[in-house]
Structures are given as structure tokens and as C-alpha cells.
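S.K.: So that we are looking at the same thing, I have put the structure below in C-alpha cells.
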Amino acid sequence: STPWTIAKVASDVGRRPKYYKMHIVAGEWIYRWQTTEVSRHEFSPLTVKYQFMNSRSALMDSLLMQNSYLATSMDDYFIPKMRYTYTYNSPGKKSNTLRWETSIEESGNISSIYFLAKGEKWDTKDKKMFKNPYSQFLRLETDITKTWTLDTRSQMVAHINAGVLWSFGNSESAPFTEAFYVGGANSIRAFTVRSIGPGRSKMLDNDREFSYLLRNGDSKFVMNLEYRRRLFGNLYGALFIDAGNVWSSNDWTVSNDELLNDDVDEETKEFVDAFVKEWNNIFSGTKFKTNKFLCDLATGTGLGLRYDLDFLVVRVDWGLGMHLPYDTGKKGYFNIRRFKDMHTLHLAIGYPF
């Protein structure tokens, strides 16, 4: 087929006289071509995401201190990426179809080669371009969907999504926008977006905004199984079961020695002791461990309705949680203590996979 070339560029200067001035730039250059009926390739030699706050007022500083989500969303970042995606779609005439998509992305490595040529070391931190330290990482993600046609009115669909991300060189961790997360209408539907993980870390009921920012990981695994059946007209029903989680490459637990020095008073030591104990109680088990894999998978089931409008599908899913990866105080695999904590309702457009 005829190759496609797509170019996207956007630039914006945000001015809020009493608050801040910010520059935002985004752009992407894409080559897309199809080698066979079933194989499609997409290569983006340059994708740029840039955000830089030139100035901000004392009033803006106070707002950022009060709202951790706002502070994270307005962080400076520079992400120069290169991406390749391969997509396989089995022939449409088959009753049982397979779709497989795999993407590999890199960020900052070409920039680091430039600094390396100037004599700087590869692992030097905080190298800057356009006033911003640039992100340096490698990201791999794969997505597989298998569909079995059971009869003229029903299908069984299995889905697996997995990914891993390595940060190195100029970055100790990946930007918030690049990290993996689970939960929500297209993932584990018994739970809300970013309410699970990493690993066996617990949910912070008293500070959901702060918890939302921490529910990210460097690796992800999600699997879904869904039975779809046409009920009448353009209305379809579904029964599903979902499982998955994200994990961090680092252990998030801390020790008193990391936070204290010899000059602090006894009151400060007691405060730090209490903080460390509470932090480690919440954020233990963030790293992936093979022997804990099955227990680390948050699991839920549920049912849904889909209405096909021909040009789009309106979807409602009601998810029911079965298992949380952390200790809830309830024994056994079905460890969610209260019914009101078990269910989540999602309204979405299109099929989840």
C-alpha cells in the first residue's frame, strides 16, 4: 500500500498574569507503511514533548504546595523521543482473529551522544537542552488481542498488555506522563484509574490525590477475558474478568539513617521514626518478585452494556473487585472487606480492547 507521512506541530505560550508564564511545545513526525495484508509498520524519528515554566508568582507557589497533583502536572519536562511500532492483524475473513501491536521507544539517547561528543560522561545527571533537563529512558510495550467467534451472536475475547521501562543516564526515573499505570475503563475495570500498585503497596484512603501520583510503575502486566453477546438490535452485553498490576524497579522502603543525621533532637527522631514506620507499612513490596506474581495481581470481574451507533460504541461497565494485592485485614483470596469498596462504574466510548 502507499506509505503515509504524518507531521504534527503545536506550540503554546500560557500567560496567567497573577500566576505564571509557561511555554509548551509538542511535535511528531511519523512514517507509516504496510508491507503485507497483515503487517503494518510505523516509525517516528522525532517526537517532542516540552514544557517549561518561565516564571511564577508567590501566589502560584502557594497553590502548588497545596495541590500535589497540580504541581506534578505543571512540572518542567523535555522528552525527545524516537518510536517504532509493529502491528499484526490477521485476515478479516477469519472467524478467529488476532491483533498484536508492539512499540519500542527511546528518549534522550541521541541527545546524550551529542553531550558525549562534547566530552561529558554518559551518566552525568541534569544535562540540559532548552533550559530543561531532558528525559532518558527506553520503553517497550506489547498488546495482544485474540477473538474467538462462538456463534453468529457471541464472541470470546482475550487480551494481554505488558510493558517495561528503563530509566538511566540523565534520568533517575521516568516522567509521570510516561510511566505505566492500571485501573480504569480500559484496564482493570473493578478499580479506578491509578488506584492499584506499584506491587503490594497500600491505598491511601485519607489522601487520594497524593496516592494518585504514586500509583505508577516501571513495568506492567494486565490480562482480560471478555464474553460479548448481542442482546437485541444494536445493544450488546458483556461479562468480563480482569487482572493486573504495575511494579517499580526500586524498593520504596526507607530507613531512619537515610533521613537523620547525628545533630537532630529527640523529638525529631521520634517524628522520623513514626514517619518511616508508616511509610514502609504502606509502600513495602513495590518491586516485582516472581514468587509473588499471582498474589500481586489485582483481580476483578463484572458486566457491561454496549450500544453500537455505527459511527461509535457507547459502553457502560460495572466492575466488582475480588482481590487486592496488599493486606486488607481480611484473610483469603477474596480479601475486599466492604461491598462499597468492591464496585466501580465506568462510562466510556469504544471497546476496551
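The values are calculated or read from the model by the stated rules, or taken from the named source; none is laboratory data. No experiment lies behind these values; they were computed from the predicted model shown. So basically every Cβ, Gly included, is an ideal-geometry build from the backbone, and we count neighbours across all protein chains shown. The protein model used for the area step is the full one, side chains on, heavy atoms only, and it has no ligands, DNA or RNA in it. Shrake-Rupley method; radii C 1.70, N 1.55, O 1.52, S 1.80 Å.
S.K.: Treating region 227-329 as a set of equal point scatterers at the Cα positions, no solvent, please give the Debye-formula log₁₀ I(q)/I(0) at q = 0.12 Å⁻¹.
M.R.: Taken in order of the listed q values, log10 I(q)/I(0) reads -0.65.
S.K.: What full-extension length gain, to one decimal in nm, is calculated for residue 110 and residue 43 as 0.36 nm per residue of separation minus the Cα-Cα distance?
M.R.: Working: separation 67, 0.36 × 67 = 24.12 nm, distance 1.60 nm.
In short, 22.5 nm is gained.
S.K.: Moving to a separate point now. Do you know the relative contact order of region 83-198, to the nearest whole percent, from alpha carbon pairs under 8 angstrom that are 6+ apart?
M.R.: Working: 196 pairs, mean separation 24.8, N = 116.
Reported relative contact order: 21 percent.
S.K.: Taking the Cα atoms of region 30-181 alone, what are Rg (to one decimal) and Dmax (as a whole number) in Å?
M.R.: Here Rg and the maximum Cα pair distance are 20.8, 66 Å.
S.K.: Once Lys and Arg get +1 and Asp and Glu get -1 on their Cβ, which of 297, 326, 281 lies farthest toward the positive end of the dipole of region 276-329?
M.R.: Sorting the options by dipole projection puts first 281.
S.K.: Figure the gain on full extension for residue 272 and residue 327 (residue separation times 0.36 nm, minus the Cα-Cα span) and round it to one decimal in nm.
M.R.: 17.4 nm is the gain from fully extending residue 272 to residue 327.
S.K.: How high is the relative contact order of region 166-243, given as a whole-number percent (alpha carbon pairs under 8 Å, six or more residues apart)?
M.R.: 26 percent
S.K.: A further question on this structure: Among 165, 351, 119, whose Cα sits farthest toward the positive end of the charge dipole of the chain (+1 at Cβ of Lys/Arg, -1 at Cβ of Asp/Glu, about the Cα centre)?
M.R.: The residue sitting most towards the positive pole is 351.
S.K.: Using the Cα centre of the chain as the reference point, and only Cβ charges (+1 on K/R, -1 on D/E), how large is the resulting charge dipole? Debye, rounded to the nearest 20. The partial results should precede the final answer.
M.R.: Values: 45 positive and 41 negative charges, 342 e Å.
For this selection, approximately 1640 debye.
S.K.: Place a +1 charge on the Cβ of each Lys and Arg in region 145-243 and a -1 charge on the Cβ of each Asp and Glu, then give the dipole magnitude about the Cα centre in debye, rounded to the nearest 20.
M.R.: Numbers: 12 positive and 9 negative charges, 101 e Å.
Its charge dipole is roughly 480 debye.
S.K.: So what is the 222 nm mean residue ellipticity for the chain from helices alone, if each DSSP H run of at least 4 adds -39500 (n - 2.57) and you divide by all residues, rounding to the nearest 500 deg cm²/dmol?
M.R.: When only DSSP H runs of four or more count, the value is -4500 deg cm²/dmol.
S.K.: What residues qualify as long-range amide H neighbours of residue 313, i.e. H under 5 Å apart, gap of 5 or more or another chain, H built at 1.01 Å from N?
M.R.: 350
S.K.: So for 137, 311, 130, what's the accessible-area order with a 1.4 Å probe, most first? Don't skip to the answer; put the middle values down first.
M.R.: On the way: 137 0, 311 165, 130 140 Å².
Result, largest first: 311, 130, 137.
S.K.: Using each residue's phi in region 40-51, evaluate 6.51 cos²θ - 1.76 cosθ + 1.60 at θ = phi - 60° and report the 3J(HN,Hα) Karplus result to the nearest Hz, with x for Gly and Pro.
M.R.: Each residue of region 40-51 in turn: 10, 10, 9, 10, 10, x, 8, 10, 10, 10, 9, 9 Hz.
S.K.: Can you pull the percent of the chain's accessible area that's carbon plus sulfur, 1.4 Å probe, other chains left in place?
M.R.: Carbon-and-sulfur percentage of accessible area, whole number: 58.
S.K.: Would you work out which of 30, 140, 231 lies farthest towards the positive end of the dipole of the chain? Charges go on Cβ: Lys and Arg +1, Asp and Glu -1.
M.R.: Among 30, 140, 231, the one farthest towards the positive end of the dipole of the chain is 231.
S.K.: Moving on. Of the listed values (i) 23, 55, 21, 1; (ii) 32, 54, 14, 0; (iii) 25, 38, 24, 10, 4, 0, grab the one calculated as P(r) over Cα pairs in 20 Å bins from 0, in percent from the structure here.
M.R.: Structure-derived value, by its label: (i).
S.K.: While we're looking at this one, here's another question. Measure off 7 Å from each Cα along the Cα-to-Cβ vector at residue 293 and residue 255, then give the distance between these two points in nanometres to one decimal.
M.R.: Simple spin-label model gives 3.1 nm for this pair.
S.K.: Length gain on complete extension for the stretch residue 65 to residue 36, per 0.36 nm per residue less the alpha carbon to alpha carbon distance? If you can, show how the numbers build up before the last one.
M.R.: Details: separation 29, 0.36 × 29 = 10.44 nm, distance 5.37 nm.
Difference between extended and current length: 5.1 nm.
S.K.: Hey, another quick one. Tell me which residues come under 5 Å, amide H to amide H, from residue 199 once H is placed; ignore anything under 5 positions away on its chain.
M.R.: Counting only residues 5 or more places away or on other chains, the set is 246, 247, 248.
S.K.: Here's a follow-up. Out of residues 5 or more away from residue 302 or on other chains, whose amide H comes under 5 Å of its own, with H placed 1.01 Å from N in the peptide plane?
M.R.: Sorted by chain and number, the residues that satisfy this are 240, 320.
S.K.: Whole-Hz Karplus ³J(HN,Hα) for region 27-36, in order, using 6.51 cos²θ - 1.76 cosθ + 1.60 and θ = phi - 60°, x for Gly and Pro?
M.R.: x, 7, 10, 10, 10, 10, 8, 10, 8, 9
S.K.: Quick check for me: using +1 on Lys/Arg Cβ and -1 on Asp/Glu Cβ, what's the dipole size of region 1-79 about its Cα centre, in debye to the nearest 20?
M.R.: Details: 9 positive and 7 negative charges, 66 e Å.
Computed charge dipole of region 1-79: roughly 320 debye.
S.K.: Using a cut-off of 18 Å between alpha-carbon atoms, which aspartates and glutamates can reach residue 269, once sequence neighbours fewer than 8 places away in the same chain are excluded?
M.R.: Those aspartates and glutamates meeting the cut-off are 257, 258, 278.
S.K.: Which pairs break 25 Å Cα to Cα here: 202/287; 127/277; 49/292?
M.R.: 127/277; 49/292
S.K.: Can you run phi through the Karplus equation (6.51, -1.76, 1.60; θ = phi - 60°) for region 130-141 and list ³J(HN,Hα) in whole Hz, with x for Gly and Pro?
M.R.: Rounded to whole hertz, the list is 6, 6, 10, x, 8, 7, 10, 7, 10, 10, 10, 9.
S.K.: So what's the convex hull volume per residue for the Cα atoms of region 1-60, in Å³?
M.R.: Hull volume normalised by residue count: 84 Å³.
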